[in-house]
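Worksheet: one structure, shown below.
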Amino acid sequence: MSSFNDLLKEQLKDPQFKAEWDALEPEYAIVQAIIDARKRSGLTQKELSDRSGINQADISRIERGVGNPSLRTIKRLASSMGMTVKLEFTPVRPTK
């Protein structure tokens, strides 16, 4: 994984690449939060599908970052894992 991190570090020096990367970060954070919550709950995608009524293929797409789940879907997934969703707005940090 080190070579990926090295490549990413180099690519992030490009302002255009960094702007695109930063723009996608909230989406990746949501995807990672869903994956982490599912794993902490000890559930497979299939088990989460059974609990939530959301198709396993849709859960897979969400976790791969190719789905665009609504807040309602995210809340259904959270509820199926015995969790709730916390949405937070934070100030934008000025670029240096």
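The values are calculated or read from the model by the stated rules, or taken from the named source; none is laboratory data. Please read all numbers here as calculations on a predicted model, not as lab measurements. Note that each Cβ is placed from the backbone with ideal geometry, even for glycine, and that neighbours are counted across all protein chains shown. When the accessible area is computed, the model is the full protein with side chains, heavy atoms only, and any ligands, DNA or RNA have been set aside. Shrake-Rupley method; radii C 1.70, N 1.55, O 1.52, S 1.80 Å.
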Notebook entry, point to check: What are the lysines whose alpha-carbon lies under 16 Å from the alpha-carbon of K18, with same-chain residues fewer than 8 places away excluded?
Noted result: K9, K96
Notebook entry, point to check: How about segment 4-96: which chymotrypsin sites (Phe, Trp or Tyr not before Pro) there lie in a loop by DSSP and see at most 16 other Cβ atoms within 10 Å?
Noted result: F89
Margin query: Which order do you get for E10, E63, E47 if you rank them by accessible area with a 1.4 Å probe, largest at the top?
Written below: E10, E47, E63
Item checked: Distance (nanometres) between label positions extended 7 Å along Cα→Cβ at I35 and R64 -> 1.3 nm
Item checked: Segment E88-A23, length gained on full extension (0.36 nm per residue, minus Cα span) -> 21.8 nm
Item checked: Computed magnitude of the charge dipole of the chain (debye, nearest 20; Cβ of K, R +1, Cβ of D, E -1) -> 340 debye
Next item on the list: For the chain, would you read off the P(r) tail past 24 Å as a percentage of all alpha carbon pairs?
Entry: 35 percent
Note to self: How much length would be gained if the chain were fully extended between K75 and K13, taking 0.36 nm per residue of separation minus their Cα-Cα distance, in nm to one decimal?
What the structure shows: 18.7 nm
Checklist line | Three-way shape call for segment 1-53 based on the alpha-carbon gyration tensor, with the a/c threshold at 1.5 | finding: prolate
Next item on the list: Straight distance only, please: which lysines reach the Cα of K86 with their own Cα at less than 20 Å, same-chain residues fewer than 8 apart left out?
Entry: K39, K75
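Would you mind getting the accessible area per residue of the chain, heavy atoms of the protein chains only, 1.4 Å probe, in Å²?
Per residue, the chain has 81 Å² of solvent-accessible surface.
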